[in-house]
Structures are given as structure tokens and as C-alpha cells.
1. Please go through segment 78-99 and give me each residue that is surrounded by fewer than 13 Cβ atoms within 10 Å (Cβ to Cβ) and closer than 26 Å to residue 26 by Cα, ordered by number.
2. Tell me which residues, restricted to segment 61-105, are assigned to a strand (DSSP E or B) and near the ligand (Cβ under 10 Å from one of its atoms).
3. Given the conditions (1) over 25 Å from residue 134 (Cα atoms); (2) more than 15 Å from the chain's Cα centre (by Cα); (3) assigned to a helix (DSSP H, G or I), and given that residue 33 satisfies all but one, which numbered condition is not satisfied?
4. Only one of (1) more than 23 Å from residue 133 (Cβ to Cβ); (2) touching a residue at least 40 places away in the same chain (Cβ under 8 Å); (3) surrounded by fewer than 16 Cβ atoms within 10 Å (Cβ to Cβ) is not met by residue 4, so which one is it?
5. Return the residue satisfying two criteria in turn: it lies in segment 22-47 and is closer than 17 Å to residue 105 by Cα and in contact (Cβ under 8 Å) with a residue 60 or more places away in the chain, and of such residues it is surrounded by the most Cβ atoms within 10 Å (Cβ to Cβ).
6. Within segment 21-40, can you find the residues that are over 10 Å from residue 56 (Cβ atoms) and either in contact with a helix residue (DSSP H, G or I) (Cβ under 8 Å, 6 or more places away or on another chain) or within 7 Å of the ligand (Cβ to nearest atom) (or both)?
7. Output the number of residues of segment 106-131 satisfying the condition of being within 11 Å of the ligand (Cβ to nearest atom) and either more than 15 Å from residue 17 (Cβ to Cβ) or modelled with pLDDT under 95 (or both).
8. In the list 50, 12, 58, which residue meets the criterion of being crowded, with 16+ Cβ neighbours inside 10 Å and closer than 21 Å to residue 131 by Cα?
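The values are calculated or read from the model by the stated rules, or taken from the named source; none is laboratory data. Computed from a prediction, not measured in an experiment: that's the story for all the values here. Here the Cβ positions follow ideal geometry from the backbone for every residue, glycine too, while neighbour counts run over all protein chains shown.
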Ligand code: YOG
């Protein structure tokens, strides 16, 4: 059975989100608000087609892609930097490389038990998030 990330997920832990946001150049006031949020992710997966909607009371971000097909990402409402993104499978992990102005930018999703894990990378910073099913 292939892995299925579909579901509604609520943020449970968020390690070094501050370092990740600083690396992205997010200003102090925005970081202060962002740190307080408990974002949810609604993920719809149909084979290699993904819809990932990250929502919060402050901002939301929608990403749709197909694994193996490079696309332009605008990061609207996040750092607003455009990049070229490519998501691939590494075994059961979903790995995104975001090529652009920021070095070493990307993320990895995987499931552990019934938890959704997300590692967010930018430059030398790694943010580790764990989500629980809603
Ligand atoms: O997820 O790319 O699931 O897109 C990362 C926030 C905070 C806005 C969220 C809003 C980075 C202010 C998306 C938080 C900090 C701070 C809820 C992570 C930038 C700005 C949207 C992400 C992938 C993988 C799918």
C-alpha cells in the first residue's frame, strides 16, 4: 500500500520555527504573530497529485503539484519569493526542493504512526513540525 497523506492535520509541535522564519527574512512583528498560530493542513492526495492547504487565523497558503513535475511557486503571504519547486518520492517521504534566491530551501513530509511530520529547511536552519489528525 502506498503512503497516503490525505486528511486534516493540526500543528502539535513546532521546533525552531523562529530560526526558519529568520532565515526567510520574515520581520519581527510578523514572526511574533506567526509563532502564536496553530496552523492546520488539509491534504488531498490522489496518487501523485497533491493539494496541501495550510490554514491559520492570520494567513493561509495553498500548494498544488504533481510529484516529478517542476512548478513555479510564489510563496504568497509567506516570504513572497518566487522559486522553482520539485517534489519527489524518497521511499515513503515526500521531498520538495525549492530552487531560488535562498540556498538549501525545501521541505520533507512523512508519516510516523498516525502523526504527520514536516521538516522545513532554509539556509542553515531546520524547523521540525509534527501534526496530529483533527
Ligand atoms: O508547507 O511550505 O506542507 O506548502 C510556513 C510559514 C505564517 C505567515 C508555512 C502563516 C513560513 C507569516 C507553510 C502560517 C513562515 C510567516 C500558515 C509551510 C513565513 C511567513 C500559512 C509549507 C508545505 C508542506 C506546503
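1. 80, 84, listed by residue number.
2. Within segment 61-105, 61, 62, 63, 64, 65, 73, 85, 87, 94, 96, 98 meet the criteria.
3. Every condition holds for residue 33 apart from (1).
4. For residue 4, the failing item is (1).
5. Only one residue tops the list, namely 23.
6. 21, 22, 24, 26, 30, 31, 35
7. Counting residues in segment 106-131 that are within 11 Å of the ligand (Cβ to nearest atom) and either more than 15 Å from residue 17 (Cβ to Cβ) or modelled with pLDDT under 95 (or both) gives 4.
8. One residue alone meets the criteria, 50.
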